[in-house]
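So that we are looking at the same thing, I have put the structure below in structure tokens.
The values are calculated or read from the model by the stated rules, or taken from the named source; none is laboratory data. Not measured: the values here are computed from a predicted model. Don't worry about glycine lacking a Cβ; one is built from the backbone with ideal geometry, like all the others, and counts go over all protein chains shown.
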Amino acid sequence: MAAHPWHDLEIGPDAPEIINVVIEIPKGSKVKYELDKKTGLIKVDRVLYSSVVYPHNYGFIPRTLCEDNDPMDVLVLMQEPVVPGCFLRARAIGLMPMIDQGEKDDKIIAVCADDPEVRHYTDISQLPPHRLQEIRRFFEDYKKNENKEVAVDEFLPSATATEAIQYSMNLYAEYILHTLRK
């Protein structure tokens, strides 16, 4: 039986500060891939409108669960795009609160822990302001191009990000216990 990236991959021994992230969408892609929760495969969801591309690698944290019943989303800053379906180690440096179509859909902002270009960042406040604007505008613009309403709030620090990850780890553990009791 094939391993399921959401359920079978460990979150990492140093979680919630350093976590494993499964990449669904590579930096520079117009294709929005997503995890098929039933099979564990990465599937094509859609192609983005216009010239909007993902500014950084995007994926999820295994063994987490959010209020939208999906694993926690992560945008990982690093020099190069990586292949969908691979996983990497990342450091959470901040949280971007987001409301998508009226539902909470926060994003963890992280840096690749093994990329010498970005691994020294420990908090989102250390990023250049234009990088934060680029991230915010991407999420606002790609949703607007699809006639979807989205609201992005101010970025929050690494401590808030690690608290959110821990909370999603706890929700996942409760979900598994509930599932096993059925």
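Table: residues versus (1) under 12 Å from the mean Cα position of the chain (by Cα); (2) within 17 Å of ILE165 (Cα to Cα); (3) among the basic types (Lys, Arg).
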site: PRO81; (1), (2), (3): no, no, no
site: CYS86; (1), (2), (3): no, no, no
site: MET96; (1), (2), (3): yes, yes, no
site: ASP106; (1), (2), (3): yes, yes, no
site: ILE124; (1), (2), (3): no, yes, no
site: ARG131; (1), (2), (3): no, no, yes
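Which of (1) under 22 Å from ALA3 (Cβ atoms); (2) in contact with a helix residue (DSSP H, G or I) (Cβ under 7 Å, 6 or more places away or on another chain); (3) hydroxyl-bearing (Ser, Thr, Tyr); (4) free of Cβ contacts under 8 Å to residues at least 40 places away in the same chain is the odd one out, the single condition THR122 does not satisfy?
All conditions pass for THR122, except number (1).
Hey, among the residues in region 37-67 that are of a type in the set (Ser, Thr, Tyr) and more than 13 Å from PRO26 (Cβ to Cβ), which one's surrounded by the most Cβ atoms within 10 Å (Cβ to Cβ)?
Restricting attention to region 37-67, the residues satisfying the condition of being of a type in the set (Ser, Thr, Tyr) are 39, 49-51, 54, 58, 64.
From what is left, the residues that are more than 13 Å from PRO26 (Cβ to Cβ) are 39, 49-51, 64.
On the way: THR39: 10, TYR49: 14, SER50: 9, SER51: 8, THR64: 28.
Filtering first and then ranking leaves THR64.
Starting from residues that are of a type in the set (Gly, Ala, Ser) and either touching a Pro at 6+ places or on another chain (Cβ under 8 Å) or loosely packed, with under 15 Cβ neighbours inside 10 Å (or both), keep the ones in region 68-120 and report whichever is modelled with the lowest pLDDT.
Just the residues of region 68-120 that are of a type in the set (Gly, Ala, Ser), to begin with: 85, 90, 92, 94, 102, 110, 113.
Going one step further and asking which of them are either touching a Pro at 6+ places or on another chain (Cβ under 8 Å) or loosely packed, with under 15 Cβ neighbours inside 10 Å (or both), we end up with 85, 92, 94, 102.
Working: GLY85: 95, ALA92: 98, GLY94: 99, GLY102: 88.
Among those that are of a type in the set (Gly, Ala, Ser) and either touching a Pro at 6+ places or on another chain (Cβ under 8 Å) or loosely packed, with under 15 Cβ neighbours inside 10 Å (or both), it is GLY102.
Just one of the numbered conditions (1) basic (Lys, Arg); (2) in a loop (DSSP other than H, G, I, E, B); (3) touching a Leu at 6+ places or on another chain (Cβ under 9 Å) is not true of ARG119; which one?
Every listed condition holds for ARG119 apart from (3).
Quick check: anything in region 20-35 part of a loop (DSSP other than H, G, I, E, B), surrounded by 19 or more Cβ atoms within 10 Å (Cβ to Cβ) and not basic (Lys, Arg)? Working first, answer last.
Step one: filter region 20-35 for residues part of a loop (DSSP other than H, G, I, E, B), giving 26-30.
Of the ones still in play, those that are also surrounded by 19 or more Cβ atoms within 10 Å (Cβ to Cβ) are 26-27.
Next, only the ones that are not basic (Lys, Arg) stay: 26.
Yes, there is a match, as at least one residue in region 20-35 is part of a loop (DSSP other than H, G, I, E, B), surrounded by 19 or more Cβ atoms within 10 Å (Cβ to Cβ) and not basic (Lys, Arg).
List every residue pair whose Cβ atoms sit under 7 Å apart, with the two residues 6 or more apart in sequence or on different chains, where the first one lies in region 38-51 and is assigned to a loop (DSSP other than H, G, I, E, B) and the second, anywhere, is among the acidic types (Asp, Glu) and at pLDDT below 95.
Taking only residues 6 or more apart or on different chains, the pairs are TYR49/GLU146.
Among the residues of region 132-182, how many are out of contact with any helix residue (DSSP H, G or I) (no Cβ under 8 Å at 6 or more places or on another chain), buried (at least 17 other Cβ atoms within 10 Å of the Cβ) and either of a type in the set (Lys, Arg) or free of Cβ contacts under 8 Å to residues at least 24 places away in the same chain (or both)?
Qualifying residue count for the region: 1.
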